[in-house]
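One structure is given below, encoded as structure tokens.
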Amino acid sequence: MTKSEILDKLSAYLEEYFEIPKSKVTLEANLYADLDLDSIDAVDLIVKLQDLTQQKIAPAEFKEVRTVGDLIDNVYEMVKK
């Protein structure tokens, strides 16, 4: 899976589950400040990403994630293994 494919899936998840327009989902967008996700939303997103990666994800693994780009980089590292 490429980073572009991950971005497409992530954009679809954010639009479907959090009502965030795809146009707001950019690599620089801050998940909390720009996309208005809170900690509970972040946990819900991790659950969706587990479906995508077919791997168990500990929330602590995403502790340093702040932007969509950070999130895509982390997911990419998981799926390329």
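Here are a few things to note about the model shown:
- Val68 vs. criteria modelled with pLDDT of 95 or more, closer than 19 Å to Lys80 by Cα, of a type in the set (A, V, I, L, M) and within 12 Å of the chain's Cα centre (by Cα): yes
- Any hit, segment 51-60, residues being open to solvent by 70 Å² or more (accessible area, probe 1.4 Å), within 18 Å of Glu15 (Cα to Cα) and free of Cβ contacts under 8 Å to residues at least 60 places away in the same chain: yes
- Search result, residues across segment 1-37 that are in a helix (DSSP H, G or I), open to solvent by less than 60 Å² (accessible area, probe 1.4 Å) and touching a Phe, Trp or Tyr at 6+ places or on another chain (Cβ under 9 Å): Ile6
- Residues considered: Val75, Val79. Of these, the only one that is modelled with pLDDT of 90 or more and of a type in the set (A, V, I, L, M) is Val75.
- Test: Ile40 is open to solvent by less than 60 Å² (accessible area, probe 1.4 Å) and either more than 15 Å from Val79 (Cα to Cα) or within 13 Å of the chain's Cα centre (by Cα) (or both): no
- Residue within segment 18-28 that is more than 16 Å from Val65 (Cβ to Cβ), among the basic types (Lys, Arg) and at pLDDT below 95 present: yes
- Residue match in segment 66-77 (condition: loosely packed, with under 13 Cβ neighbours inside 10 Å and either in a loop (DSSP other than H, G, I, E, B) or touching a residue at least 40 places away in the same chain (Cβ under 8 Å) (or both)): no
The values are calculated or read from the model by the stated rules, or taken from the named source; none is laboratory data. This one's a predicted model, so the numbers in the text were calculated from it and none came from an experiment. Methodologically, a virtual Cβ is constructed for each residue, glycine included, from the backbone with ideal geometry; neighbour enumeration extends over all protein chains shown. Keep in mind that these areas ignore ligands, DNA and RNA; they rest on the heavy atoms of the full protein, side chains included. Shrake-Rupley method; radii C 1.70, N 1.55, O 1.52, S 1.80 Å.
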